[in-house]
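Asks: Pasting a structure here, questions to come.
The values are calculated or read from the model by the stated rules, or taken from the named source; none is laboratory data. All values reported here derive from a predicted model rather than from experimental measurement. Counting neighbours? That spans all protein chains shown, and the Cβs are built from the backbone with ideal geometry, glycine included. Note: accessible area is taken over every heavy atom of the protein model, side chains too, but ligands, DNA and RNA are not part of it. Shrake-Rupley method; radii C 1.70, N 1.55, O 1.52, S 1.80 Å.
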Protein chains: 4
Amino acid sequence: MKALVYHGPGTKAWEKIPDPTLLADTDAIVQVDTTTICGTDLHILKGDVPTITPGRVLGHEAVGTVTEVGTGVKTRQVGDRVLVSCVSACGTCRYCREASFGQCLGGGGWIHGNEIDGTQAELVRVPFADSSTYPVPSGVTDDELLMLADILPTAYEVGVLNGRIRPGDVVVVVGAGPIGLSAITSAQLFSPSLVVAIDMVASRLDAAKAFGADVVINNGQQDAVAAVKELTSGLGADVAIEAVGVPATFELAVDLVRPGGHVANIGVHGTSATLHLERIWDRNLTITTGLVDTSSTPTLLRLLTGRQVDASRFITHHFGFDEFDAAYDTFSRAGDTGALKVVLTR
Amino acid sequence: MKALVYHGPGTKAWEKIPDPTLLADTDAIVQVDTTTICGTDLHILKGDVPTITPGRVLGHEAVGTVTEVGTGVKTRQVGDRVLVSCVSACGTCRYCREASFGQCLGGGGWIHGNEIDGTQAELVRVPFADSSTYPVPSGVTDDELLMLADILPTAYEVGVLNGRIRPGDVVVVVGAGPIGLSAITSAQLFSPSLVVAIDMVASRLDAAKAFGADVVINNGQQDAVAAVKELTSGLGADVAIEAVGVPATFELAVDLVRPGGHVANIGVHGTSATLHLERIWDRNLTITTGLVDTSSTPTLLRLLTGRQVDASRFITHHFGFDEFDAAYDTFSRAGDTGALKVVLTR
Amino acid sequence: MKALVYHGPGTKAWEKIPDPTLLADTDAIVQVDTTTICGTDLHILKGDVPTITPGRVLGHEAVGTVTEVGTGVKTRQVGDRVLVSCVSACGTCRYCREASFGQCLGGGGWIHGNEIDGTQAELVRVPFADSSTYPVPSGVTDDELLMLADILPTAYEVGVLNGRIRPGDVVVVVGAGPIGLSAITSAQLFSPSLVVAIDMVASRLDAAKAFGADVVINNGQQDAVAAVKELTSGLGADVAIEAVGVPATFELAVDLVRPGGHVANIGVHGTSATLHLERIWDRNLTITTGLVDTSSTPTLLRLLTGRQVDASRFITHHFGFDEFDAAYDTFSRAGDTGALKVVLTR
Amino acid sequence: MKALVYHGPGTKAWEKIPDPTLLADTDAIVQVDTTTICGTDLHILKGDVPTITPGRVLGHEAVGTVTEVGTGVKTRQVGDRVLVSCVSACGTCRYCREASFGQCLGGGGWIHGNEIDGTQAELVRVPFADSSTYPVPSGVTDDELLMLADILPTAYEVGVLNGRIRPGDVVVVVGAGPIGLSAITSAQLFSPSLVVAIDMVASRLDAAKAFGADVVINNGQQDAVAAVKELTSGLGADVAIEAVGVPATFELAVDLVRPGGHVANIGVHGTSATLHLERIWDRNLTITTGLVDTSSTPTLLRLLTGRQVDASRFITHHFGFDEFDAAYDTFSRAGDTGALKVVLTR
């Protein structure tokens, strides 16, 4: 088969490699029908994730067709069309028993395109296929469904649920890239009274508006803390969601919330931030971090099929599997190209 | 009356000042029968809390006798013996309506010995007397009850409840001073499987043992993270409670917890800490800060009268009101004197 | 002044009685500008509530203007326009300290038109005015605001919050009168995947459709349990909200939910129901009852001013204060008149 | 092998039947080293559970030794000593994904001695062996561990956790048989201020005292509601746990709780009860039912090995496998024999 192979920082190639084979009886092999690129893939290519070794096939999101199943796979069969989730789950370890699949100690968690070969390929091996794939429901396109492989459950669980958004809340989303827009989308499920988006790129703020932000703040031009205080009688927001992954945006998120507020970090961070405990020790803040567990995937599937979440609007560009270079180029220059999610179809 | 007046960094005096008078109809005047010194008072005397101006009477903990009530006070009367809580509550603001009295926007919160004159005095004015005092229950001594003015509700709410301790948890308390020992005491209410105390002072670790810690670690001599991992199959603690208030202990607390764990900060911090987001962004941590709300005071009163919480063991030294200098000296040299809480009695 | 006085079962009169006066320093007198009739008032008139004695002025919902305040009232003044909530709160008792104002032990709770004279009058005395009234926000009409005196917080707290509705849930509302429609309205704040309304009156099911129910079931003509099972792969609903108050509808609600589901009773019941423990003992059900606490009123005010809750559509009829008889007649014959809420304006 | 076979109401025999064999690759065969009798087994023998057909081997609690594993079993191997839980879990269905294993839709739940042959046998087939068994920890006896097969997790989850017991609560346990005593035992993990036990049998009340109840009430001789109100300033208990399974005790439990209280039903009911909605509609009650999920088994294992739960005191009688008749007789005449749990050892 052909696959997108990482060859060290800055180097990748769409090249021929051996087909994957079943390694455990709970594995399935899935033909990838459509896949996409995640911001994390860009981090990997920059060399920011040293645990990923040359030779690794990238990618952790796919919709595809089962071509082979191990004898231990009970609920999927050859020919089934499935969503391949970014998180695999052994189903029996301590964390899986608590629905915290992202922290699986039994060989699952975020493994595709990380610890094992990923989904940017014609075929992919999927461990624990029963608990790591979801049947494609009728009435949704593969493109839409692909948004449930990572960005929507990540924003919903790590941003919205961890942030404990309630009806009537003022919610600030720091960063209006695909994850920030997913947070805006899923925050609306809880009817906040105000969704504020903060970014320094005008086109992203336009996207935030289009996705339903009530107020947008360009923090390159405006004092975001002052602006949010003005919107909240001087108190600050109920919830701030960090969707960038750099120290400045995290520190901003902490400054934005009111006493008793929640800061939900979604961003993938490569360096430490400063936590101003001298300002917040007495403010009853709750700060959360997290990798997605995909425990919400069944809920999001219902909301998607019921048209309560619009996933199609994330997709700005389409490519074929032989156009991976162009797809990465378009996605990595999102500021210029306006790319949100780029989709690659077999 | 006489009161302990702050005269700027390093200076205080037990001196004569005018008696307090009712300023609002919801005020009461309380004769202080017994009071104590808090670690926060030492911070103030060092000049760390610049908002506190010379002339202020210190102290925010007392048990006393009501001598005068405003016309708006409904449930207390002259002669009532009461616990004066460190937190006052207006009862009608947004935060008070949510039982978050520490964040009161209506003139309450932590005000004694801070925004208004405090309890280290013969008399003290208590605003919102109905919701800021508690009748002295029968069967407990004033000394014991005094421990419910601040340290026990603080450790219980900001440490134990915020940390969401559950039966069977491994709980680490960083810092074994009065607040850390209060955290150890109140953690036991939820039957953790293991309580670990960390400190660098041997006598405090001895106290921790005496208060019920199962394991003590001297992190001046031992790698605390390694020791806790060894106790927890390499995973880390379920809950870490920070009870010191310096960057190193906060950062240690974050390093000590397992994926999915809770870090509950109680310490009063004067400077920022480093938050290693690059290590924790994907670990599902919850970090909380907080000022006590005293919403748990009725619960703690029941536990105290039922002898399920032993408050008397915190008290190591007794003084008279004319011995404030000696009391501060003893308390401030806790390493030498072995002082936990010093009690001053009329 | 004139007021609607209850003279025993079946008898009431709009008649002259003495003006109310301040009885406590925390009281206010409010001129009623607009009021409405609740289903509970009909129960009282039928004699179902024996605790209500002849001579009592009915009504527990109003928007009005403060005409007099006691010396203990801090945050309201003469001339303020206010929402008078159906629940008063002393602010200091055990229940008020936990935001459970409906269970106030200090003289509050549901008292208007029950233990003290009510709001169907030109003037009304409002105890604990600081915590029992809310300033009229700009941008909303008195009519809309009046829906926040009782039906919307009741449906939201006792139905939606107690029922723990989450995004993606299947929610069944049994009964499509004003409270059921309020439940449908406020359930949508949590983005259920399906809202099902059940009633036996076609016009109420039409109203349910108009208020946003996805599916309506006439259980006079259809097996509601079978219909809901068919909508839920045989499992049953996630949440059932009882909004009628008779045994049959409560028992239906219990039959409608899936294992692990929630039954939230809002209905005012005058008789007992049968609980089929032999069918549900092993089904992990949660059944809740409740009187509104009005702890959600600030949230609902934000949602109302932000146009996220449409309160105006509940109001079907308007009357003057001298038309109370006609108003009661129209409201009590809702099946014929199509009345949801009738509003009486000064 | 020999097994205790049900032959219709009132009839059972310890007789020879074919050994169980692996039916699925996730099955294990376990040699039963020790087992016990549950109150539910008595119900079955009385014919109360019509779904259980003649020929079924009874029993759903065991500690044993793995003798054979299917190819899909990953974490258990021949020779492993294991606790066989009363609940099996497929691990992938909707309910298992939410840790609600008792409601498993994939072939698990309570199946032993119910839908498939049970543990009162020399050998038992255990479906989904990875998620339905637990390794025997060192330092505990088989007898103690056997108490974690059903009664302790049932009382803890369905009674204590569903009842949301918090430190300082007044908890009433209605029924002081093995399940009620388990509720008393596990309630203490949350430090209630008062545990009250109610029963009509003096020996059971003595047992309740010995297990830590602070107050016991013989409701054959005393008005239990009046007695509990007297203990709680007239308000009622915070939590009532029903541990009998007849209408009168359930109805008593509902009458015992204060406004805002919780009623947690553990009892297995064969008939309906009356729910006095006319008394409770406005009292903010939460009533729960449930089958154990065994999600707490890992927690209870930690508490057992840490000696925080004493399981040995439940065991009053020992028998050999050839004494099943005597064991059933002793257990069924608990009033006379004083039996709590009877243990049968290979």
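Asks: Suppose we filter A:G261, A:G267, A:G245, A:G290 for residues that are closer than 20 Å to B:V158 by Cα and among the small types (G, A, S); which single one remains?
Replies: The unique qualifying residue is A:G261.
Asks: Separate question: Give the stretch B:3-38 a look and list any residue that's of a type in the set (G, A, S) and either assigned to a loop (DSSP other than H, G, I, E, B) or crowded, with 19+ Cβ neighbours inside 10 Å (or both), or say none.
Replies: If the condition is that a residue be of a type in the set (G, A, S) and either assigned to a loop (DSSP other than H, G, I, E, B) or crowded, with 19+ Cβ neighbours inside 10 Å (or both), then B:A3, B:G8, B:G10, B:A24, B:A28 are the ones that fit.
Asks: Assuming D:V170 fulfils every condition listed in (1) in contact with a helix residue (DSSP H, G or I) (Cβ under 6 Å, 6 or more places away or on another chain); (2) at pLDDT 95 or above apart from one, which condition is it?
Replies: Every listed condition holds for D:V170 apart from (1).
Asks: What about C:R125, is it within 14 Å of chain A (Cβ to nearest Cβ) and open to solvent by 30 Å² or more (accessible area, probe 1.4 Å)?
Replies: No: the conditions fail for C:R125.
Asks: Which pairs turn up if I take residues in the stretch A:1-24 that are under 21 Å from A:H43 (Cα atoms) and look for partners that are surrounded by 14 or more Cβ atoms within 10 Å (Cβ to Cβ) and polar (S, T, N, Q) with beta carbon separation below 6 Å, at least 6 apart in sequence or on another chain?
Replies: A:L4/A:Q120
Asks: Further, regarding this structure: Spot the failing condition for B:D130; the list is (1) in a helix (DSSP H, G or I); (2) not assigned by TED's automatic domain parsing to the domain that holds B:T26, and only one is missed.
Replies: (2)
Asks: Every residue in the stretch A:284-325 that is charged (D, E, K, R), within 23 Å of A:A240 (Cα to Cα) and more than 14 Å from chain B (Cβ to nearest Cβ), please.
Replies: If the condition is that a residue be charged (D, E, K, R), within 23 Å of A:A240 (Cα to Cα) and more than 14 Å from chain B (Cβ to nearest Cβ), then A:D310 is the only one that fits.
Asks: Please go through the stretch B:335-346 and give me each residue that is open to solvent by less than 60 Å² (accessible area, probe 1.4 Å) and either without any contact (Cβ under 8 Å) to a residue 12 or more places away in the chain or within 16 Å of the chain's Cα centre (by Cα) (or both), ordered by number.
Replies: Residues satisfying the conditions are B:A339, B:L340, B:K341, B:V342, B:V343.
Asks: Can you name the number of the only condition in (1) at pLDDT 95 or above; (2) more than 20 Å from the chain's Cα centre (by Cα); (3) away from chain D (no Cβ under 14 Å) that A:D25 fails?
Replies: With (1) at pLDDT 95 or above; (2) more than 20 Å from the chain's Cα centre (by Cα); (3) away from chain D (no Cβ under 14 Å) applied to A:D25, the lone miss is (3).
Asks: Among residues belonging to the stretch C:68-116 that are more than 8 Å from every other protein chain (Cβ to nearest Cβ) and among the basic types (K, R), point out the one that is farthest from D:G260 (Cα to Cα).
Replies: The selected residue is C:R81.
Asks: Given the residues B:V225, B:V244, which is the only one that is out of contact with any strand residue (DSSP E or B) (no Cβ under 8 Å at 6 or more places or on another chain) and open to solvent by 30 Å² or more (accessible area, probe 1.4 Å)?
Replies: Just a single option satisfies the conditions, and that option is B:V225.
Asks: Would you be able to say whether some residue in the stretch B:239-257 is touching a helix residue (DSSP H, G or I) at 6+ places or on another chain (Cβ under 6 Å), closer than 23 Å to B:E61 by Cβ, β-branched (V, I, T) and assigned by TED's automatic domain parsing to the domain that holds B:N162?
Replies: There is at least one residue in the stretch B:239-257 that is touching a helix residue (DSSP H, G or I) at 6+ places or on another chain (Cβ under 6 Å), closer than 23 Å to B:E61 by Cβ, β-branched (V, I, T) and assigned by TED's automatic domain parsing to the domain that holds B:N162.
Asks: Also, quick follow-up: Right, B:R313: basic (K, R), assigned by TED's automatic domain parsing to the domain that holds B:K12 and within 19 Å of the chain's Cα centre (by Cα) or not?
Replies: So B:R313 fits the description; yes.
Asks: Cβ-Cβ distance below 9 Å, separation of 6 or more or different chains: which pairs start in the stretch B:271-294 with a residue that is under 11 Å from A:W281 (Cβ atoms) and end on one that is aromatic (F, W, Y) and at pLDDT 95 or above?
Replies: Short answer, once both residue conditions are applied: B:A273/B:F250; B:T289/A:W281; B:G290/A:W281; B:L291/A:W281; B:L291/B:W110.
Asks: Residues C:S186, C:S138, C:S132: which one is open to solvent by 20 Å² or more (accessible area, probe 1.4 Å) and among the hydroxyl-bearing types (S, T, Y)?
Replies: C:S138
Asks: Additional query: Please go through the stretch A:158-177 and give me each residue that is outside any loop (DSSP other than H, G, I, E, B) and open to solvent by 20 Å² or more (accessible area, probe 1.4 Å), ordered by number.
Replies: Correct list: A:L161 only.
Asks: Next up: Restrict the check to the stretch B:324-334 and report whether at least one residue is open to solvent by 10 Å² or more (accessible area, probe 1.4 Å), touching a Gly at 6+ places or on another chain (Cβ under 7 Å) and assigned to a loop (DSSP other than H, G, I, E, B).
Replies: no
Asks: Moving on. Tell me, please, whether a residue that is touching a residue at least 24 places away in the same chain (Cβ under 8 Å), among the aliphatic types (A, V, I, L, M) and within 14 Å of chain B (Cβ to nearest Cβ) can be found in the stretch C:51-67.
Replies: No, the stretch C:51-67 has no match at all.
Asks: Further, regarding this structure: Restricting attention to the stretch D:187-197, does a residue exist that is free of Cβ contacts under 8 Å to residues at least 60 places away in the same chain, within 23 Å of the chain's Cα centre (by Cα), within 19 Å of D:V263 (Cα to Cα) and away from chain B (no Cβ under 14 Å)?
Replies: Yes, there is a match, as at least one residue in the stretch D:187-197 is free of Cβ contacts under 8 Å to residues at least 60 places away in the same chain, within 23 Å of the chain's Cα centre (by Cα), within 19 Å of D:V263 (Cα to Cα) and away from chain B (no Cβ under 14 Å).
Asks: What is the residue count in the stretch B:307-323 for residues that are among the hydroxyl-bearing types (S, T, Y) and not in a helix (DSSP H, G or I)?
Replies: Summing the residues that are among the hydroxyl-bearing types (S, T, Y) and not in a helix (DSSP H, G or I) in the stretch B:307-323 gives 1.
Asks: OK, next. Would you pick out the residues in the stretch C:73-83 that are among the β-branched types (V, I, T) and buried (at least 21 other Cβ atoms within 10 Å of the Cβ)?
Replies: Of everything in the stretch C:73-83, those that are among the β-branched types (V, I, T) and buried (at least 21 other Cβ atoms within 10 Å of the Cβ) turn out to be C:V73, C:V82.
Asks: Run D:T119 past the list (1) farther than 16 Å from D:L291 by Cβ; (2) of a type in the set (V, I, T); (3) within 14 Å of another protein chain (Cβ to nearest Cβ) and report the number of the one that doesn't hold.
Replies: For D:T119, the exception is condition (3).
Asks: Same structure again: Quick one: which of C:V268, C:V309, C:V257 is modelled with pLDDT of 95 or more and out of contact with any Leu (no Cβ under 6 Å at 6 or more places or on another chain)?
Replies: None of the others qualify; the one that does is C:V257.
Asks: When you go through (1) away from chain A (no Cβ under 12 Å); (2) assigned to a loop (DSSP other than H, G, I, E, B); (3) in contact (Cβ under 8 Å) with a residue 60 or more places away in the chain one by one for D:D143, which number turns out not to apply?
Replies: (2)
Asks: Would you be able to say whether some residue in the stretch D:84-107 is touching a helix residue (DSSP H, G or I) at 6+ places or on another chain (Cβ under 7 Å), open to solvent by 30 Å² or more (accessible area, probe 1.4 Å) and within 25 Å of D:L45 (Cβ to Cβ)?
Replies: No, the stretch D:84-107 has no match at all.
Asks: Give the stretch B:252-283 a look and list any residue that's open to solvent by 30 Å² or more (accessible area, probe 1.4 Å) and either away from chain A (no Cβ under 14 Å) or over 17 Å from the mean Cα position of the chain (by Cα) (or both), or say none.
Replies: B:D255, B:H262, B:T271, B:S272, B:T274, B:H276, B:E278, B:R279, B:W281, B:D282, B:R283
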